[in-house]
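A short reminder: the numbers here are calculations on the coordinates, not readings from a lab. Just so it is clear, the model here is predicted, and its values are computed rather than measured. All Cβ positions, even for glycine, are placed from backbone atoms using ideal geometry, and neighbour counts span all protein chains on display.
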Amino acid sequence: MSRASTRFDTKKVNSELVTLTYGALVAQMIKDLDNTEDVSKQLERLGYNMGIRLIEDFLAKTGTGRCLDLKDTADKIQSAFRMYLGVQPNVANWSAAGDEFSFILDSNPLTDLVELPDELKNLKYCNIICGVIRGALEMVQLDVQSWIVQDQLKGDQNTEVRVKFIRRLEDAMPAGED
Amino acid sequence: MAVCVAIIGKDNSPKYFCCLNPDEELGFQYKVLSSLDVVEEKLNTTNKGTNDLRELYLGMLYSLETHKIYGYVTNTKIKFIIVVDSTNMALRDNEIRSMFRKLHSEYADIVCNPFYIPGDAICSKSFDVNVKNIMTGTV
C-alpha cells in the first residue's frame with residue numbers, strides 16, 4: 001500500500017498509547033493490591049501469559065527454525081524486542097558457563113515519562129518483560145529464569161534484564177496457567 | 001531570565017512553585033497569587049461567545065517596579081505564571097512565549113506519569129531540574 005507516511009497507519013498504534021496504557025495498568029494494580037511485591041509478581045504473570053502467545057506470532061512472522069545454542073536464542077529475542085517494542089537491546093554479560101546473559105536496554109518505551117514515587121521503590125515496573133521472555137521460551141521447551149538487574153526508573157544508567165538457562169524441557173508440557 | 005515560575009490548577013490551588021532565590025519566595029507567592037485576579041479577568045472578557053483558541057498566552061499581567069508578571073492558560077484551565085526581573089535585559093515577547101511553550105510541554109510530560117494524580121502538587125525532581133533550566137534559559 002503506498003500511503004503518505006503522515007497518514008495514520010491503521011495497523012500500528014501510537015507508542016504513547018502503549019506507554020500510557022501500561023502505566024495506567026500498573027497504577028491501577030497498585031491501587032488494587034497494596035503490596036508492591038504482589039504487583040511485581042502479577043506483572044510477571046501477565047508477561048508470562050503474553051509470552052506464551054507472542055512466541056507463536058513471532059515464529060509465524062519470522063519463520064525461523066531451531067536455535068543452535070543459547071547465543072542464537074539471545075539473538076532471536078533481540079530481534080523480537082525490535083519487532084515488538086521498537087528498541088534494540090545489547091546482549092552482554094555472558095556468564096562463564098555460557099548459560100546466563102543480559103539484555104541491556106538504554107531506552108524503554110514502557111517507561112517513557114514514568115517516575116517512580118518513593119513509596120513504590122520496590123516495584124519492578126518492567127517485570128512484564130521478564131515474564132514475556134520466560135513464557136515465550138517455555139513454549140519452545142526452554143526453562144529459563146529472568147529478572148531485572150538494573151532499572152532506569154531506580155536511577156541506574158540503563159535497564160538490564162538477566163536471563164538464566166535452567167534446563168531443556170523434554171516433555172511437551174501444556175502451558176499451565178498459574 | 002525568569003526568577004520565579006508557578007503552576008496553578010484549574011481550581012486556583014497552587015500545584016508547583018519555584019524560585020531561583022529562596023529568600024524572596026514568600027513575596028513572590030503573594031505577587032503570583034494576586035496576579036491570578038488579572039488572569040481571571042482576562043479569561044472572562046475574552047470568553048464572550050467564541051472560545052479564543054489561539055490565545056493561550058495571556059501576555060503581561062502585571063508590571064511592578066522591579067518585576068513583570070506574565071501569564072499563560074491551557075485549555076484545561078491550568079495557569080502558568082512567570083515572574084521576570086525588570087532590571088534584566090528586556091526579554092522579548094517571543095522569548096517569553098517560548099518559555100511558556102517549553103513549560104507547557106514539560107507539564108504535559110509530567111502528567112503522563114502514571115503515578116501522578118492530576119490535582120496533586122507536583123513533586124518530581126526531574127521536573128524541578130527541567131524548570132530551573134527553562135528559567136535560566138539553558139535549555
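Values computed for the structure shown
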| read-out | value |
| --- | --- |
| Gaussian network model of chain B, springs between alpha carbon atoms under 10 Å - residue of B:VAL111, B:VAL32, B:VAL83 with greatest fluctuation | B:VAL111 |
| Hz values of 3J(HN,Hα) by residue in region A:121-127 - Karplus curve (6.51, -1.76, 1.60), Gly and Pro given as x | 4, 8, 6, 9, 4, 8, 4 |
| Estimated FRET transfer efficiency when R0 is 41 angstrom, pair B:SER13-A:TRP147 (beta carbons, to 0.05) | 0.45 |
| Kirkwood-based Rg to Rh ratio, the protein assembly as shown, C-alpha trace | 1.10 |
| Sorted largest first, extent of region A:30-140 alpha carbons per principal axis (Å) | 44, 29, 27 |
| Peptide B:112-119 - average C-beta neighbours from other chains (10 Å radius) | 6 |
| Other-chain or far-sequence residues with amide H under 5 Å of A:ASN158's (modelled H) | none |
| Unit charges on C-beta of K, R, D, E only; dipole of region A:29-178, Debye | 440 |
| From phi via Karplus (6.51, -1.76, 1.60), per-residue ³J(HN,Hα) for region B:17-33 in Hz, x at Gly/Pro | 8, 8, 10, 6, 10, x, 6, 8, 4, 4, x, 5, 4, 4, 5, 5, 5 |
| FRET efficiency for A:GLN88 and A:GLN28, using Cβ-Cβ distance with R0 set to 30 Å, rounded to 0.05 | 0.50 |
| Whole-angstrom gap from region A:113-158 to region B:112-138, using each part's C-alpha centre | 26 |
| For region B:93-103, Karplus couplings with θ = phi - 60° (6.51, -1.76, 1.60), whole Hz, Gly/Pro x | 3, 4, 5, 5, 4, 6, 4, 5, 4, 5, 4 |
| Proximal lysines relative to B:LYS31, as straight alpha-carbon distance under 28 Å, when same-chain residues fewer than 8 apart are discounted | B:LYS10, B:LYS15, B:LYS42, B:LYS48, B:LYS68, B:LYS77, B:LYS79, B:LYS102, B:LYS125, B:LYS132 |
| Straight-distance crosslink candidates among lysines, where the alpha carbon sits under 27 Å from A:LYS164 and sequence neighbours closer than 8 are dropped | A:LYS41, A:LYS61, A:LYS71, A:LYS76, A:LYS121, A:LYS124, A:LYS154 |
| Mean shadow area of region B:2-136, taken as a quarter of the surface of its Cα convex hull (nm²) | 8.2 |
| Point-charge dipole on Cβ atoms (K/R +1, D/E -1) for region B:2-136, about Cα centre, debye to 20 | 400 |
